[in-house]
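A short write-up of the structure that comes next.
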Amino acid sequence: MTWSPRSTVHGIAWPAVPDPATSTLLAVAWQLDQTQWWPSDELARHQQLQLAQVLAHARASTAHYADTFAAAGCAPSSDPGAPFDPEAWARVPVMTREQLIAAGPRLASRAYPSTHGRIDEVVTSRTSGEPVRVRTTGVTGLLWKAITLRDHAWHRRDLRARLGTIRHVADGGAAPPDGARAAGWGPATAPLAPDAPVSALSVASTTEEQVAWLVREDPAYLVVYPTVLDAMLTVIARTGARVPSLRQVRTISEALSPDTRARCAEILGVPLVDTYSAQEVGYLALQCPDHPHYHVQAERLLVEILDDHGAPCPPGAIGRVVVTDLHNFATPLIRYDLGDFAEVGPPCPCGRGLPVLTRIVGRRRGMLRYPDGRTAWPVFTVACRQAARYRQCQLVQDADLALRLRVVPEPGLAIDDAARAALVAALRRALGHPFAVTIEVVDALDRSPAGKLEEFVSRVAPSR
Ligand SMILES: [Zn+2]
């Protein structure tokens, strides 16, 4: 990583003496460089110290947590220095997205400490109906920047090189075919490499437009949603398009399938680096520099992977992701169920003490239901791709458990009866059950308001 901050002292060019905001960011980033190597028990001990602070604040200054802790008989001590009590912690109820929406202003702190800086609001539209509203603070913003720098450092990015992004852009910006160009990758790197070139294209563009734009802009790094990348890879493989400067693809926002990671290496010849984040809390986990699994950002969040009985999952097990924000003093989030699932991994051979998630398996609505009540994260994209040629597909499970495969054909290449039969057979084989399947040929697949495309959509009522 080659960069240096700008010096703000007259006549001092190097080493730079940066402005106070940049110095603070670099001071936090420096601490993260040290703490990543701490043993896991040392990290856990410091998490508990910080947890006590946020619990005492939430209890004292929000109506929601005052009531919740009292009702559950797990009131944390008002003394942040009191020892951590794991039994009391286990009684703190998990809060669902629906409960967060219902709690509304009762979650907001009435005694926000001004030293935490400016409050902003993030509004997420992942659920249908009411959006989730969470306030963020100067401190959570600072930590977000520091972890962004950690991600760049872990994956050895040249902060001066061209960054290409294909994502949701508000108000029709970065429209195809040309997209838009700008200077500076974003707020985290602005003080270090303010002139780094950026090329942006709205995700509201066709796959052909995306590939043509990528070839033309030829960035060193590409940030993209996994499903968008997957469709681009199909076109790139077919057309032999080349992107000579590309060094790395970064995926965000959606659950990444191992198939997409393998195809990226095979077709583009560059590694793929995935990130696991949520708008409400920022980064949950970053990909290890040396392995394709993820390290929980334990300095920032307490991430619990819990089974159906609320107990922590052992390595190898998949559970729901429950997160506690250790630093948000505006909207405290304690044991918040994001609706995602992840698999716990054993300690990483890289030596970092940060906990490991082997994979992120998406949202509960992404679980396939079998007639006997079993659920599974459906893996079907490889099988379907081998069965027939098409542009994109999305699998929908309706309330009666029947499946609909919505298929966008390649231009000029119809999905005929043979292809339909092959897709039905491939799906049943991949899912290990003779589901009723219909094939629906469509012109395009709808994205969510945030631009996400779900590979699998369940319309089955949750069993919780
Ligand atoms: Zn590692």
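Every number here is computed from the coordinates shown, using simple stated rules; none is lab data. What you are looking at is a predicted structure, and each value in this text was computed from that prediction instead of being measured. Note that we place each Cβ from the backbone using ideal geometry, even for glycine, and neighbour counts take in every protein chain shown.
Figures for the structure shown
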read-out: Ascending count of other beta-carbon atoms within 10 Å, so fewest first, for 6, 118; value: 118, 6
read-out: Translational diffusion coefficient (Stokes-Einstein; Kirkwood radius from C-alpha pairs) of the range 71-116 at 20 °C, 1.002 mPa s, in µm²/s; value: 163 µm²/s
read-out: Kyte-Doolittle mean at least 0.0 and Cα axial length at least 27 Å: DSSP H helices in the chain; value: none
read-out: Cα gyration tensor category, rounded, prolate or oblate, for the range 47-153 with a/c compared to 1.5; value: oblate
read-out: Rel. contact order, % - alpha carbon contacts under 8 angstrom, at least six apart, the range 135-260; value: 25 percent
read-out: Range of Cα positions in the chain per principal axis (Å), largest first; value: 69, 63, 43
read-out: Alpha carbon Rg of the range 43-107, scaled by the compact-globule rule 2.2 N^0.38 Å; value: 1.12
read-out: Fully extended contour minus Cα-Cα distance, from residue 459 to residue 160, at 0.36 nm per residue; value: 103.1 nm
read-out: Mean ellipticity per residue at 222 nm, deg cm²/dmol - from DSSP H runs of n ≥ 4 across the chain, formula -39500 (n - 2.57); value: -9000 deg cm²/dmol
read-out: Equivalent ellipsoid semi-axes, the range 368-458, via Cα gyration tensor eigenvalues times 5, rooted, Å; value: 21, 17, 11
read-out: Order of 30, 213 under a 10 Å beta carbon neighbour criterion, fewest first; value: 30, 213
read-out: Mean Cα-pair separation over length for the chain, i.e. relative contact order, pairs under 8 Å, 6 or more apart, %; value: 13 percent
read-out: Mean separation of Cα contacts under 8 Å, 6 or more apart, over the residue count of the range 368-458: relative contact order %; value: 34 percent
read-out: Angstrom value of the Kirkwood radius, inverse mean 1/r, which spans all Cα pairs in the range 311-428; value: 17.5 Å
read-out: Rounded to the nearest 20 debye, dipole of the chain from Cβ charges on Lys, Arg, Asp, Glu; value: 300 debye
